[in-house]
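Student: Shown below is the structure under consideration.
No value in this document is a laboratory result; all are computed from the given coordinates. From a predicted model like this one, the values you see are computed outputs, not experimental measurements. Heads up, the Cβs are rebuilt from the backbone with ideal geometry, glycines too, and the neighbour counts pull from every protein chain shown.
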Amino acid sequence: MTGTNRLPSPANLALSRQEDFKAFADGPRRNRPELLAMAQLAALSSGAKAEYNRLRREWHANPGPIRTPQLSALHEYLWDIIDSNLQDGD
């Protein structure tokens with residue numbers, strides 16, 4: 001990382017390094033591009049359409065966790081553990 005406080009670009013992100021994992025975990029959520037109708041797409045300039053398509057490719061290339069029955073069961077199990085651990089350090 002450089003001396004500035006800029007986050008590394010996702011292309012250079014190595015989740016095996018603590019700094020990069022922290023940047024990934026603390027980074028902003030990815031925003032889904034607005035859904036446009038065919039008429040709205042046709043009205044875009046070529047530059048705006050290229051940017052819109054880039055945002056869509058990036059969105060679809062980076063899906064979040066898929067909520068499978070196994071993942072839901074794991075989350076239930078973890079919440080049971082976390083909820084049972086309500087004591088403080090005293």
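Student: Return the loop-located trypsin sites (Lys or Arg not before Pro) in the range 12-90 (DSSP other than H, G, I, E, B) with at most 10 other Cβ atoms within 10 Å of their own Cβ; answer none if there are none.
Tutor: Details: sites: R17, K22, R29, R30, K49, R54, R56, R57, R67; in loops: R17, R29, R30, R67.
Loop-located and lightly packed - R29, R67.
Student: Please identify the GluC sites (Glu not before Pro) of the range 27-90 that satisfy two criteria: DSSP loop assignment and at most 15 other Cβ atoms within 10 Å. Which are they? Numbers along the way, then the final one.
Tutor: Values: sites: E34, E51, E58, E76; in loops: E34.
When the GluC sites (Glu not before Pro) of the range 27-90 are filtered for loop state and at most 15 Cβ neighbours within 10 Å, E34 remain.
Student: Continuing with this model, one more query. Residues with beta-carbon under 13 Å from that of W59, excluding W59: net charge, scoring Lys, Arg +1 and Asp, Glu -1?
Tutor: Details: positive: R29, R30, R32, R54, R56, R57; negative: E34, E51, E58.
Residues close to W59 contribute a combined charge of +3.
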